[in-house]
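In what follows, a structure is listed as structure tokens, so that the remarks can point back to it.
Quick note: the coordinates plus some simple rules give every number you see, no bench work behind them. What you see is a predicted model; the values in this text were computed from it and never measured. We place every Cβ from the backbone using ideal geometry, glycine too, and count neighbours over all the protein chains shown.
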Amino acid sequence: MGRSNRRKGAADQFDSSDTESVSSASTAFSEVTVAHDTEVLNSQDYALDKFIDALYEKRGSTRETALSGLVNAFESNMLSAFVENKCITLLHQFLNSIKKGSTKEACLASRAIGLLAITVGSGNSSHEIMEESLPHLSKVLLSGSDASKMASVLDCLAVVTFVGAIDLAETETSLKAIWEVIHPKPASKVGAPKRPPAVLAAALSAWSFLVTTISAWRINPDTWKEPVWFLSTLLDAEDRAVRMAAGEAIAVCFEIGILNVYSNDESDTDNLDIGDSKRRDFLYMQSMKAKIADRANNLSMEAGGKGTDKKNLNDQRDLFQKIWDFIKSGESPEASVKISSKHGVLRVSSWTELIQLNFLKRFLGRGFLKHAQENELLHDIFDFGQDITESLSTQQKRISSKISSKGRTLKLNKDRKMAQERKGGILLAQDG
């Protein structure tokens, strides 16, 4: 009865007509006032309740507006207390929007589910979110929906599994669903469906994100030969985003031990105390490693033609330079993000951490800093350290900045020199 009354109130605000519905969800969220409603103690909760009630309305545009408002709220605030008793109710409405709504509504709902999981953090609630979402999300992936819906669902599936999975088997279930998008099996003589580059890149990113949660000691290299081979073929894809996503997937495979990146290339396999099949697997992986290293080297030096997007090209060069360095010397990538003077700096120093950071930054968007400051989940995942420059004087900060700049210059010069040497070596080999 109470819900019915609230829904009627929501209808007055959201469903009288499309022209009267809230044109901007973020504006609606910020402008809600309770000056004339003494029963409402918290204007934020009041606005969120209105959005939740609007999810029950029949008009699609009304639900889209409500979803936009909730997504904006999840990004802008830590709503742990608010969703504590509403988690599953919200989830069911979000799933309903994925099943029955427009593409736009389904994309918003997928994002809302991921944000809900990140908000509640690891535990029983996020595990329930994952369990209830998986069948519906997998169905969308099998249906071959349009690119934007597929990409949103892939992101959602990766996030809810990352937060909610409690064992390897659950993670593998999602990995298999995502891999079917990356490398679908032919359903008939017509062959496997060809994925749009945007979908393929999103699937590779989601897959890599989940692979970072797999412990190296649980890996059977024999089962990874086919995936690694297929990933290596994607380094030749026409689309740069696909090439880069495949490169990141391969990098994390190296790091968790699938390709045994730290083994000696000149190992005497005859002396290995292993059977013939394992020796063949070892030699196969070593040849694959050499092939990937050569391709990474070429992509780190790719020339840009007329009309080339220089930023994307530079991003590719930088990524594959890091991959090449890691393959040849085991040098791990490093990155840092300043969160705030209070929370310091978030630092990563491995492919696993870098891929997790980049994925969550992209998924949370403008809400990343807010969640990095207040969300315990992110503090459990990443290393937050003190920003040493905060305690320095102005002159000391200036000196520190110059030293950092000099270090970056030296690193760039080193990379250029190594690239030139590798290029010269390749040309000499071709001349020979």
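Between their Cα atoms, which of 289/361; 289/311; 322/370; 176/225; 139/185 are more than 20 Å away from each other?
From the list (289/361; 289/311; 322/370; 176/225; 139/185), the Cα-Cα distance tops 20 Å for 289/361; 289/311; 322/370.
Net charge around residue 235, counting only other residues with Cβ within less than 12 Å of its Cβ (Lys, Arg = +1; Asp, Glu = -1)?
Spelling it out: positives minus negatives among the neighbours equals -2.
Based on the mean of other Cβ atoms within 10 Å per residue, sort peptides 81-90, 365-374 so the most packed one is first.
Top of the packing list down: 365-374, 81-90.
Non-local amide H neighbours of residue 383 (under 5 Å, H modeled in plane, Pro and chain starts lacking H): which ones?
Long-range HN contacts for residue 383: 347.
If you take every residue apart from residue 109 with its C-beta less than 11 Å away from the C-beta of residue 109, what net charge results, scoring Lys and Arg +1 and Asp and Glu -1?
Local net charge: +4.
Amide H to amide H, which residues 5 or more places from residue 339 or on other chains are under 5 Å from it, using H placed in the peptide plane?
Long-range HN contacts for residue 339: 344, 345, 346.
Suppose each label sits 7 Å from its Cα in the direction of the beta carbon; what would the residue 168-residue 349 distance come out to in nanometres?
Here the answer is 2.7 nm between the modelled labels.
So how do 176-186, 348-358, 45-55, 107-117 stack up, highest first, on mean other-Cβ count within 10 Å?
107-117, 45-55, 348-358, 176-186
Given axes a ≥ b ≥ c from the Cα gyration tensor, I'd like to know whether region 101-189 is rounded (a/c under 1.5), prolate (a/b larger than b/c) or oblate.
In terms of gyration-tensor shape, oblate.
With r defined as the distance between the Cβ atoms of residue 84 and residue 279 and R0 fixed at 56 Å, what FRET efficiency is calculated, to the nearest 0.05?
According to the calculation, E is roughly 0.50.
Can you list the residues of region 46-71 with backbone N under 18 Å from a point 7 Å past the Cα of residue 99, pointing along Cα to Cβ?
Under 18 Å, as judged by backbone N against the label point of residue 99, lie 55-60, 63-64 of region 46-71.
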